[in-house]
């Protein structure tokens, strides 16, 4: 009889031990539910402001870029070297253009212009040198070469008509034209 009681206890104990071993790795359902709630709520609280900030930054970049594109870079007579004022303007543009954008790329056409002094061929070459200087300066800020194109108009597209120094100084310039292209 003792042997049959032992067998009965063993047989009854095996499922109990199995149940205990199986449940040892599991956590109570209440704790599991709490963890799931935290995991679901935390990213939602964090993700929304980040997304809004990215959208706000993109809008600000576009507005700022439009403002900067309106500015012109001026050069001294018969020179292609950038002035300090030109470097300030281009540094702002370079910092903006070197930032990664989510859905678009902004390409820049750099137009080189001159006054009416000199021959047509000379002015085309000088306008090209001016555009190249602007391009090189923007590249030094990390702007992709693929985003930048140059063209020289020489004296053909005057900012101001006239034969006086004031008109000529406004014509010695580089202009930046922006074009947004979807990725």
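Which one of these does residue 80 not meet: (1) at positive phi; (2) surrounded by 14 or more Cβ atoms within 10 Å (Cβ to Cβ)?
(1)
Looking at this structure, is residue 182 closer than 19 Å to residue 66 by Cβ and either at pLDDT below 95 or within 22 Å of the chain's Cα centre (by Cα) (or both)? Break it down stepwise before answering.
Details: closer than 19 Å to residue 66 by Cβ: yes; either at pLDDT below 95 or within 22 Å of the chain's Cα centre (by Cα) (or both): yes.
The answer is yes for residue 182.
Testing residue 113 on (1) in contact with a strand residue (DSSP E or B) (Cβ under 9 Å, 6 or more places away or on another chain); (2) under 19 Å from residue 70 (Cα atoms); (3) loosely packed, with under 15 Cβ neighbours inside 10 Å, one condition comes back false. Which one is that?
Every condition holds for residue 113 apart from (3).
So residue 140 passes all but one of these: (1) modelled with pLDDT of 95 or more; (2) touching a strand residue (DSSP E or B) at 6+ places or on another chain (Cβ under 6 Å). Which condition number does it fail?
Just one mismatch for residue 140, condition (2).
Out of 108, 96, report the one residue that is in contact with a helix residue (DSSP H, G or I) (Cβ under 9 Å, 6 or more places away or on another chain), without any contact (Cβ under 8 Å) to a residue 40 or more places away in the chain, surrounded by 14 or more Cβ atoms within 10 Å (Cβ to Cβ) and under 15 Å from residue 179 (Cα atoms). Steps first, please.
Values: 108 fails: without any contact (Cβ under 8 Å) to a residue 40 or more places away in the chain.
Among 108, 96, only 96 is in contact with a helix residue (DSSP H, G or I) (Cβ under 9 Å, 6 or more places away or on another chain), without any contact (Cβ under 8 Å) to a residue 40 or more places away in the chain, surrounded by 14 or more Cβ atoms within 10 Å (Cβ to Cβ) and under 15 Å from residue 179 (Cα atoms).
Condition first: under 28 Å from residue 131 (Cα atoms), touching a helix residue (DSSP H, G or I) at 6+ places or on another chain (Cβ under 8 Å) and modelled with pLDDT under 95. Can you find one or more residues in the stretch 37-59 that meet it?
Among the residues of the stretch 37-59, not one is under 28 Å from residue 131 (Cα atoms), touching a helix residue (DSSP H, G or I) at 6+ places or on another chain (Cβ under 8 Å) and modelled with pLDDT under 95, which makes the answer no.
Name the single residue, out of those in the stretch 116-145 being surrounded by 17 or more Cβ atoms within 10 Å (Cβ to Cβ) and in contact with a helix residue (DSSP H, G or I) (Cβ under 9 Å, 6 or more places away or on another chain), that is farthest from residue 175 (Cα to Cα).
Residue satisfying both the conditions and the ranking: 143.
Checking residue 104 against (1) in contact with a strand residue (DSSP E or B) (Cβ under 9 Å, 6 or more places away or on another chain); (2) at pLDDT below 70; (3) more than 19 Å from residue 150 (Cβ to Cβ), which single condition isn't satisfied?
(2)
Suppose we filter 145, 181 for residues that are under 20 Å from residue 94 (Cα atoms) and without any contact (Cβ under 8 Å) to a residue 40 or more places away in the chain; which single one remains?
Numbers: 181 fails: without any contact (Cβ under 8 Å) to a residue 40 or more places away in the chain.
It is 145.
The values are calculated or read from the model by the stated rules, or taken from the named source; none is laboratory data. Keep in mind that what you see is a predicted model, and the values were worked out from it rather than measured. Neighbour counts run over all protein chains shown; Cβ positions are idealised from the backbone, glycine included.
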